[in-house]
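The structure appears below as structure tokens.
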Amino acid sequence: MSILSYPDRGPWGKSSWRGNCSGFIYKELFERILLNQVDPVFIDPMVGSGTSIDVANELGIRCHGLDLHSGFNALRDSILERTGEPGHLVLSHPPYAGQVVYSSNVWGKEAHPDDLSHCVDDEDFHHKLQLVMLNQREATVPGHYYGTIIGDWRRKGVYTSYQAEVIARMPADELAAVLIKQQHNTTSGRKTYGKMVLPFIEHEYILLFKRKARTVLALLGVMAKQAHQRLQGTWRNVVKLVLMDLGGCAPLQKIYERVAAVTDKVASNPNWQAKVRQTLQLSPEFAARERGVWALA
Ligand SMILES: C[S@@+](CC[C@H](N)C(=O)[O-])C[C@H]1O[C@@H](n2cnc3c(N)ncnc32)[C@H](O)[C@@H]1O
């Protein structure tokens, strides 16, 4: 089942810890991923009230629980260096969207600048969480799993998909599973707001990646290719959309005019006309009808 739903959180961790996760979620993941291994190791770099570690201990799984509240900073310290051994599952449950503020609120007197619940904006968060994921990946035995438990968030009508950002910023060929975790007893779920067009978000995601054995340089190569292919694909689709709009065939000048009208991509790319020509020339989706006239192939 790719949908996990546990209304009860069990006896593990602290129910009073805001933003805690049901221990049954960890139990199910450990039973699936770790209990078929010989001497598995579990690592949680953001352990909060310790739910995951309590469950691991109960199941006899060797484990390491770290957190900013006890002197481990996932944005500065290497997880692998701190644990001294890699894990077969390295799973985080970060704070996101400032829903729950940790340092200065749940623990400590002052806001810690590297606390993920104190990010200045979404971009700051996406960037930092990618570092945490890469840190987790480094601490994972090749061929085994790293991942995160994270939700999305809508405020003032704008929906931010934190999980989609994580997936986009990690190597696509390492993504192994996206599970849905139903959230119970959410504050928003308890309120009645009259008739709403779109429902409240009452689920989180469990994103699991399987680490391939590759160097950091090879990883960068994979990520660069991923980003390049996506951008090239967008250019092809933008040019194709313009040609479709122009009836399937048009002179280059008309194509330029339409591209400038339909996309703001041109604003950030001073060589956009050359890019349009290159896209027309290189993609088998387009064919030259006569000099300077292009059509859908
Ligand atoms: C959502 S809570 C984890 C809850 C946990 N799963 C439980 O059931 O209790 C997120 C945790 O991330 C920690 N955290 C935030 N920024 C961090 C950082 N830079 N390094 C390590 N931990 C961090 C917070 O202190 C908080 O305890």
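The values are calculated or read from the model by the stated rules, or taken from the named source; none is laboratory data. What you see is a predicted model, and the numbers here were worked out from it, not measured in a lab. As a convention, Cβ positions derive from the backbone with ideal geometry for all residues, glycine included, and neighbour counts pool all protein chains shown. Quick note on the areas: whole protein, heavy atoms, side chains included, nothing else; ligands and nucleic acids left out. Shrake-Rupley method; radii C 1.70, N 1.55, O 1.52, S 1.80 Å.
A 1.4 Å probe run over the protein chains yields, for the chain, 53 Å² of accessible area per residue, whole-number rounding. Residues I43, I3 ordered from highest to lowest accessible area at a 1.4 Å probe: I3, I43. Are there any trypsin sites (Lys or Arg not before Pro) in the range 195-297 that are in a DSSP loop and have at most 15 other Cβ atoms within 10 Å? List them by number. The qualifying sites are K195, K212, R214, R291. Straight-line reach from K109: which aspartates and glutamates have Cα under 19 Å away, leaving out those fewer than 8 places along the same chain? Partners within reach: D67. Per-residue surface analysis assigns W153 an accessible area of about 70 Å², computed on protein heavy atoms at 1.4 Å probe radius.
Could you please put E123, E174, E285 in sequence from largest to smallest accessible area, using a 1.4 Å probe?
So the residues, ranked largest to smallest area, are E123, E285, E174.
In percent, rounded to a whole number, the relative contact order of the chain is 13, using alpha-carbon pairs under 8 Å and six or more apart. Evaluated over the Cα positions of the range 125-166, the convex hull gives a direction-averaged projected area, one quarter of its surface, of 3.2 nm².
In loop segments of the range 29-114 as defined by DSSP, the GluC sites (Glu not before Pro) with at most 12 further C-beta atoms inside 10 Å of their C-beta are E110. Under 5 Å from the amide H of G151 lie the amide H atoms of Y205, each residue being 5 or more positions distant or on a separate chain, with H modelled from the backbone and absent for Pro and chain starts.
Taking the 1.4 Å solvent-accessible surface of the range 219-296 as the whole, the part contributed by carbon and sulfur is 53%. Taking the protein heavy atoms of the range 2-137 in the context of the full set of protein chains, the accessible area attributed to carbon and sulfur is 49 percent at 1.4 Å. In the chain the Cα-Cα distances spread across 5 Å bins starting at 0 as 1, 5, 10, 13, 14, 13, 10, 8, 7, 6, 6, 4, 2, 1, 0 percent of all pairs.
Counting helices only, and only those DSSP H runs with n ≥ 4, report the 222 nm mean residue ellipticity of the chain as the sum of -39,500 (n - 2.57) divided by its residues, in deg cm²/dmol to the nearest 500.
My calculation for the chain gives -11000 deg cm²/dmol from helical runs alone.
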